[in-house]
Amino acid sequence: MKAVVVIPARYASTRLPYKLILPEVKSVTGRYIIEHVYQNVKQARRIHQVIVATDNQHIYEIVRGFGGNVEMTSASHVSGTDRIAEVSGRLDADLIVNVQGDEPEMHASVVDQVIDSLVEDNVAVMATLAHVITDAAELSNPNVVKVVLDNYGYALYFSRSPIPCVRDSKDPFKEPGIRFLRHLGIYAYRRDFLLQYSKLPASPLEQAEKLEQLRALSNGYKIKVAITEYTSRGIDTREDLLAFLERYKLGKIQT
């Protein structure tokens, strides 16, 4: 199957404005955040192309400047999924992979894994990844999205709350048969489904949790979730940015 990565790149950000092209990141690492993401995922073996989808001329010029493929999209989109769907409507592809533009530590093998997960499944219309949580602070952090699965590896629910709730245990990490999973912000979609999905109305659960993937579950669609050994930290806040730069200086960034 022909797979294309589309990276939604929005200029405005409430918590960390202009984060994808902050000059201070390039001064320390030699690349903008969006360039780190692009160059990392380009190494994936299962993809045919990488495209940045943006509504901002400055981002467009920067991506062109480092030799990346980029397309302008409508400024009216309310989500990254809508932006990706616009570009996908013009593509000749079977699968579309959504990689967030603010995850500079996204590993190429993760892209291949999410593609394989969807290709090998005959039921799911989209696939994503999760990483095992071993830290209590991470489990309770609402910025860390958690996911619980059924016995066949399909998502039952995504939440910012700690799920599952182990009611009668003093140490939920020691509860037999229970594992806590952190959702990674990467998706593979069947192209035809993505074009339909972007037109579905937002569900109440999606609006409550601020998690777009709940729209698919609310409408009865299956999401395959594969477990990966890799984790990727998105940059949402100033603290996230400083932590990323510190990891880079210490040589702890693995791509």
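Considering lysine pairs in the stretch 1-252 that are 8 or more places apart or on different chains, how many have Cα atoms under 15 Å apart?
Lysine pairs meeting the criterion: 4.
Loop-only check: which trypsin sites (Lys or Arg not before Pro) in the stretch 56-144 are DSSP coil with at most 13 other Cβ within 10 angstrom? Provide the component values of the computation, followed by the final result.
Details: sites: Arg64, Arg83, Arg90; in loops: Arg90.
Passing sites in the stretch 56-144 are Arg90.
Assuming R0 = 25 Å, can you tell me the calculated FRET efficiency for the pair Ile253 and Asn219, based on Cβ-Cβ distance, to the nearest 0.05? Don't skip to the end; give the middle numbers.
Working: r = 38 Å, r/R0 = 1.51.
In this case the efficiency is close to 0.10.
The stretch 1-107: D in µm²/s via Stokes-Einstein (Kirkwood Rh, Cα pairs, 20 °C, 1.002 mPa s)?
On the way: Rh = 13.8 Å.
D = 155 µm²/s.
Could you look at the chain and say what percent of its accessible area is carbon and sulfur, using a 1.4 Å probe and all protein chains?
Carbon and sulfur atoms account for 47 percent of the accessible area of the chain.
For the pair Ala243/Arg45, report the inter-label distance in nm, with labels modelled 7 Å from Cα in the Cβ direction.
Going by the 7 Å Cα→Cβ label model, 3.2 nm.
What is the dipole size for the chain, taken about its Cα centre, with +1 at each Lys and Arg Cβ and -1 at each Asp and Glu Cβ, in debye to the nearest 20?
It works out to roughly 140 debye.
What fraction of the Cα pairs in the chain, stated in percent, has a spacing above 26 angstrom?
Tail of the P(r) past 26 Å holds 39 percent of the pairs.
Taking all pairs of different Cα atoms in the stretch 98-197, averaging 1/r and flipping that mean, what Kirkwood radius in angstroms comes out?
Every distinct Cα pair counted, the radius reaches 14.9 Å.
Using a ≥ b ≥ c from the Cα gyration tensor of the stretch 120-255 (square roots of the eigenvalues), is it rounded, prolate or oblate, where a/c under 1.5 gives rounded and otherwise the larger of a/b and b/c decides, a/b for prolate?
Details: a/c = 1.67, a/b = 1.24, b/c = 1.35.
Verdict is oblate for the stretch 120-255.
Contact order normalised by length for the chain, with contacts defined as Cα pairs under 8 Å and 6 or more residues apart; what percent is it?
23 percent
Work out the FRET efficiency for Val78 and Ile227 from their Cβ-Cβ distance, taking R0 = 25 Å, and round it to the nearest 0.05.
0.20
At what distance in nm do the modelled label points of Ala202 and Lys170 sit from each other, each positioned 7 Å from its Cα along Cα→Cβ?
Result for the modelled spin labels: 4.3 nm.
Need one word for the stretch 58-101: rounded, prolate or oblate. Basis is the Cα gyration tensor (sqrt eigenvalues a ≥ b ≥ c); a/c below 1.5 gives rounded, then a/b vs b/c decides. Each step should come with its number before you reach the end.
Working: a/c = 1.85, a/b = 1.29, b/c = 1.43.
Note, shape of the stretch 58-101 comes out oblate.
Rounded to the nearest 5, what % of DSSP beta bridges with both residues in the stretch 1-252 are antiparallel?
55 percent
Please compute the per residue accessible area over the stretch 36-130 with all protein chains in place, 1.4 Å probe, rounded to a whole number of Å². Present the calculation step by step, with values, prior to reporting the outcome.
On the way: 3530 Å² over 95 residues.
On a per-residue basis, the stretch 36-130 sits at 37 Å².
With r as the distance between the Cβ atoms of Glu61 and Tyr152 and R0 = 35 Å, compute the FRET efficiency 1/(1 + (r/R0)^6) and round to 0.05.
On the way: r = 46 Å, r/R0 = 1.31.
Given R0 = 35 Å and the Cβ-Cβ separation, E is 0.15.
Once the Cα atoms of the stretch 199-255 are picked out, what are the Rg and Dmax in Å?
16.7, 45
The values are calculated or read from the model by the stated rules, or taken from the named source; none is laboratory data. Model, not experiment: these values are computed from the prediction. Cβ atoms come from the backbone with ideal geometry, glycine included; neighbour counts cover every protein chain shown. Only protein heavy atoms, including side chains, enter the accessible area calculation; ligands, DNA and RNA are left aside. Shrake-Rupley method; radii C 1.70, N 1.55, O 1.52, S 1.80 Å.
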